[in-house]
Amino acid sequence: MYKVDLSPDPKEVAATEARRNREKDRQTRFFNVRNRVMGVNVEALNNQVEERKLQEVTERNKEAAYDTKKVQYDLVVQMLEKEEAKRARRMAKKIQNFRQQKQEFKNRWEFELQDAAQFQRIPVHFQEFPAQFQEFPACFSDKGPFSGPASMQCFLGEDLDRASFLRMQQQQFRSNLERQLQEQQQVKAEEKYADMLSDQLQQAMDIRAAQMARLEESCIAMMSARANDNKAQAAKLAEQQRQEHQCQQEANLSDIQKQITSNLLTENPQVAQHLMAPHRVLPYCWKGMTLQEQADIRKAQEEQRHEKEAQRQAEQALDTEWANQTISLAQAALELEEQERELCAEFQRGLGSFNEQLAKDQKAQQNYLNSVIYTNQPTAQYYLQFNTSSR
């Protein structure tokens, strides 16, 4: 018996499955009305999608950079605000310290009017008075603790602080005298120092003047020596130029004499002949062609002109022949074209009659099919059997 339960070949199965998948993809492309009718460019759409994504990424990056800068600016503003607040607090603290140290309430004029306990602070030297006089003791100075703003402190002929004033005046006089002595000593020291500087400056100027005088003398001597040297060099140069000019004049005269007496300016044609090759000439000594040579050249030119004229006449005859042949060919071509047009017209007339007969036959055949053969209308099931495959 034959063994029919053989396992299929994996390669054939894979190939069959690949063909089946390709057929499905082909049907998907062919039966997709949108792609088939409108012709959507998938590659262009993909490129647009990629460009849109790239634009969105760029915008996000810009927004991120803007947010970062905004955060940085906010931090800078916060730092500036903190610094301004610190500066305001420091200024307020300084103002408060100044008020506490320099503007105490007890140092103001209105403090004496509002201080209710000022009469209870009685000094020690007032305690010897009786109690009925201790409330308003006598005034021993112009700056008593019980003197108000409207109290009269100074009377005619009365000076309670004379002794302290005299001491202060003596101390001030002594300090002024000491200061004046110090100022005078300082002025004398400054004048002495200025005189010393003036003397030193004068000495330095004298030394500098002597040095400049010596330098001037040395410069004058150097300039005189240089002038003498320049004069000697100028005389030497003039003598050298005179000798060079004389040598140049002698060389020019000898060259002129040589040119006149040499074969360079003569008309001797024998000078240009080559010693080793008589048929050649020396280019640097050649004075031109002889009359015989010129006649030979003119004769050769005349022969060339005759040959050129014969060649031109032969070419002209050939061109005439070619022109005649071209005209005859053109006439033959015109005749052939006329015959061809006549044949084409005759063929078109025969073809028209044949097409007319064929149209009549086809119309009769179509009438026969429509009236006799195709009498039943096709259903939807009939159209569904088509386009089931992409092949």
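The values are calculated or read from the model by the stated rules, or taken from the named source; none is laboratory data. Since we're looking at a predicted model, the values are computed, not measured. Note that each Cβ is placed from the backbone with ideal geometry, even for glycine, and that neighbours are counted across all protein chains shown. Areas reflect the complete protein model, heavy atoms only, side chains present, ligands, DNA and RNA absent. Shrake-Rupley method; radii C 1.70, N 1.55, O 1.52, S 1.80 Å.
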Q. Any idea which of Leu215, Leu197 is under 60 Å from the mean Cα position of the chain (by Cα) and part of a helix (DSSP H, G or I)?
A. Leu215
Q.
Regarding segment 343-352, can at least one residue be identified that is more than 60 Å from the chain's Cα centre (by Cα), assigned to a helix (DSSP H, G or I) and closer than 30 Å to Gln27 by Cα?
A. no
(Q) Would you confirm, using the coordinates I've provided, whether Glu104 is surrounded by 10 or more Cβ atoms within 10 Å (Cβ to Cβ) and touching a helix residue (DSSP H, G or I) at 6+ places or on another chain (Cβ under 9 Å)? (A) yes
Q.
Of everything in segment 356-391, what is farther than 30 Å from Arg22 by Cβ and assigned to a loop (DSSP other than H, G, I, E, B)? Give them in sequence order.
A. Tyr374, Thr375, Asn376, Gln377, Pro378, Thr379
Q | Options Ala234, Ala225: the member that is open to solvent by less than 100 Å² (accessible area, probe 1.4 Å), on the phi < 0 side of the Ramachandran plot and more than 60 Å from the chain's Cα centre (by Cα) | A | Ala225
